[in-house]
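Structure first, then comments.
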Amino acid sequence: MSKKFIAFILVLLVVMFAVQYRMPKRFVWEETYLHTDRQPFGCYVFDSLVSAAMPKGYTVTKQTLWQLNQDSLKDHAVIVSMPKHFWMDEEHAAQVLALAARGNRVLVCNSWSDELADTLRISVLYNHDIPMGDFGNDERVNVQWATDGEALPLKAQFEQRYMNCSDSAVYHPYCYEEGSHANEHCLVVGCRVGQGEVLLCTAPMLLTNYAMLNDETRRHATRLLGLLKDRPVIRTEALLTPKASQQESPFYLLLERPPLRWALNLTLLTVLLFVVFTARRRQRVIPVVTAPENHNMDFVRLIGTLYYQQNSNRDLLRMKVTYAAEEIRRRTGTDPDENEAFMEVRRVAERQEGLTEEELKYWIDQLNEIINKL
């Protein structure tokens, strides 16, 4: 791979990263409630603003409800926010009740287990099912806060569920739809448990970045947080779904943000191209060399033709005798002079001055017969 190609890839990576970084970011309308998430339904902005506004302090922890109970937490406010499809199991519900019984105020946002709902005698019903990304829907509901009696509009997407409380329950409706009975169509309900209180909220998205940055929803979020301002507030992320928890990994951050995702994809493409180009053979192709041909017979024919054309029959017979002597010596390992038939042909080749073609053929046939009999 040439240096120019590598430099081109590096420049392309830098340019693509810069372009993608400056492009408008697309929002991800997914509820995570994570302290590090800057998307609309994360809690990065929410935690920053609330930590500065809460008079008794505000912290975010990953401690579970069981760990908070083991720490003998008392006279605190605990926020438990969960995505809408997460349901607390019986063990988590028992920990919520134990925290409240010790004198804490526990705000549970979203759904809870059947055990918790049965204990508090509260039923949860669906009201709306409008995706938060659908801002073309301007449907609003007026909800009333019992703290100041003011009725405020709220996007229908935030009120996807509501609660109905039975008459025998010890509850306090903090927020409900305007015009409904106090024990019906409630968004926020408080239930006394031991020395503390459990607050149930069916609009968990009020505790997100979007709610704090939007004028309409911020008024509802501040009233909800006003129920906790007289205590130190702890928000736990222990009950977030495994998918949301994985979003804190560095690899997820690379895939979540388009510029980093492009940079990662281009890096993988560069590595692939590097492997493809460097996997080629670097040496020159070795040519196929054919085996050398045996030209001995051609040489013999050439010599024989030369002697024949010059009528050197005696010299040709001498050459044949020399060849026959070597064959006898190679095949038998004996002296060819011990062979009487061979010696007779040798004497003819040494003494006779001239040979006719018929005589030459006769003596050559004799030598071939001697060789064949070996």
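Being at pLDDT below 80 and surrounded by fewer than 17 Cβ atoms within 10 Å (Cβ to Cβ) is the filter here, so list the residues in region 338-355 that pass it.
Hits for region 338-355 are R351, Q352, E353, G354.
Can you name the residue in region 182-235 that is of a type in the set (V, I, T) and under 23 Å from Y44 (Cα atoms) and is also modelled with the lowest pLDDT among such residues?
Applying the filter and picking the extreme gives T202.
Give region 345-368 a look and list any residue that's in a helix (DSSP H, G or I) and in contact (Cβ under 8 Å) with a residue 12 or more places away in the chain, or say none.
Result: V345, R346, V348, A349, E350, E357, E359, L360, W363, I364, Q366, L367.
Can you confirm whether V321 is within 19 Å of K361 (Cβ to Cβ), in a helix (DSSP H, G or I) and modelled with pLDDT under 75?
Answer is no for this residue.
Show me the helices (runs of 4 or more DSSP H) found entirely inside region 237-283 where at least 1 residues are more than 17 Å from the chain's Cα centre (by Cα) and modelled with pLDDT of 80 or more.
In region 237-283, the matching helices (runs of 4 or more DSSP H) lie at 258-278.
Test of understanding: among V60, V45, V15, which residue is out of contact with any Pro (no Cβ under 9 Å at 6 or more places or on another chain) and without any contact (Cβ under 8 Å) to a residue 60 or more places away in the chain?
That would be V15, the only listed residue that is out of contact with any Pro (no Cβ under 9 Å at 6 or more places or on another chain) and without any contact (Cβ under 8 Å) to a residue 60 or more places away in the chain.
The values are calculated or read from the model by the stated rules, or taken from the named source; none is laboratory data. Remember, predicted model here, so these are calculated numbers, not experimental data. Using ideal geometry, Cβ is built from the backbone for each residue, glycine included, and neighbour counts are taken over all protein chains shown.
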